[in-house]
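Let me begin by presenting the structure, written as structure tokens, before commenting on it.
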Amino acid sequence: MPHIAPNELLRIGEVARRAGVSVPTIRYYEERGLIDAVRTTGGRRAFPRHTLRRLAVVAAGQRVGLSLQQIADALDELPRDRAPTQREWTRMSRHWATLVERRIEVLQRLASDLDGCIGCGCLSLGKCTLFNPGDEAAGEGAGSRWLRRAEQADAERGASVTIDGGLIQTM
């Protein structure tokens with residue numbers, strides 16, 4: 001990172017306050033490579049003012065439901081040493097628009113599946129396309145996976161499990 005005038009640097013607390021996040025969040029974002037800090041002559045962490053723009057991009061991405069990895073990938077398209085130009089922002093935001101459109105399609109399918117579930121009443125996690133798409137749980141066998149795991153754990157400890165009138169008894 002090129003030399004930055006001290007009046008262009010913000011302390012971590014100021015960056016957090018202005019970005020509306022906590023100081024640990026700023027540290028986490030730095031650790032993940034979303035933003036970059038410089039060290040002052042006293043060894044303190046400081047951030048260039050344009051970091052606020054990068055944090056605004058992070059917040060915008062989170063608001064539309066993107067993962068931090070998707071946001072990091074987008075930030076990799078933007079300059080690290082200055083605020084992005086309008087052209088750079090437009091190029092990056094076109095990619096986000098595609099991601100958001102895909103997310104909307106998924107959410108619309110989810111909404112129609114929910115409507116079907118409400119009217120269906122099947123209560124079948126074996127057939128439900130919302131909770132068990134493609135019937136992936138069928139490979140685990142019939143019944144509750146939680147009960148099977150408890151039975152397996154008890155068997156490994158040498159205990160026996162019986163089901164009597166809907167009650168599970170461990171002996």
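The values are calculated or read from the model by the stated rules, or taken from the named source; none is laboratory data. Quick caveat: nothing in here was measured; it's all calculated off a predicted structure. Positions of Cβ are backbone-derived with ideal geometry, glycine not excepted, and every protein chain shown enters the neighbour counts. Protein only, heavy atoms only, side chains kept; ligands, DNA and RNA dropped before computing areas. Shrake-Rupley method; radii C 1.70, N 1.55, O 1.52, S 1.80 Å.
Assorted remarks:
- Complete set of residues in the range 117-129 that are open to solvent by less than 90 Å² (accessible area, probe 1.4 Å) and either in a helix (DSSP H, G or I) or modelled with pLDDT of 60 or more (or both): Cys117, Gly119, Cys120, Cys128
- Any chance Arg53 is open to solvent by 90 Å² or more (accessible area, probe 1.4 Å) and out of contact with any strand residue (DSSP E or B) (no Cβ under 9 Å at 6 or more places or on another chain): yes
- Residues in the range 1-51 that are among the acidic types (Asp, Glu) and either within 27 Å of the chain's Cα centre (by Cα) or modelled with pLDDT of 95 or more (or both): Glu14, Glu30, Glu31, Asp36.
- Matching residues, the range 75-114, being more than 27 Å from Leu9 (Cβ to Cβ), of a type outside the set (A, V, I, L, M) and touching a residue at least 12 places away in the same chain (Cβ under 8 Å): Arg91, His95, Trp96, Arg103, Asp113
- Identity of the residue in the range 15-38, closer than 18 Å to Ala72 by Cβ, touching a residue at least 24 places away in the same chain (Cβ under 8 Å) and not β-branched (Val, Ile, Thr), that ends up most open to solvent (accessible area, probe 1.4 Å): Arg32
- Among the residues examined, Ala72 does not qualify as among the small types (Gly, Ala, Ser), in contact with an Asp or Glu (Cβ under 9 Å, 6 or more places away or on another chain) and modelled with pLDDT of 90 or more.
- The condition of being aliphatic (A, V, I, L, M), touching a residue at least 24 places away in the same chain (Cβ under 8 Å) and open to solvent by 50 Å² or more (accessible area, probe 1.4 Å) does not hold for Ala72.
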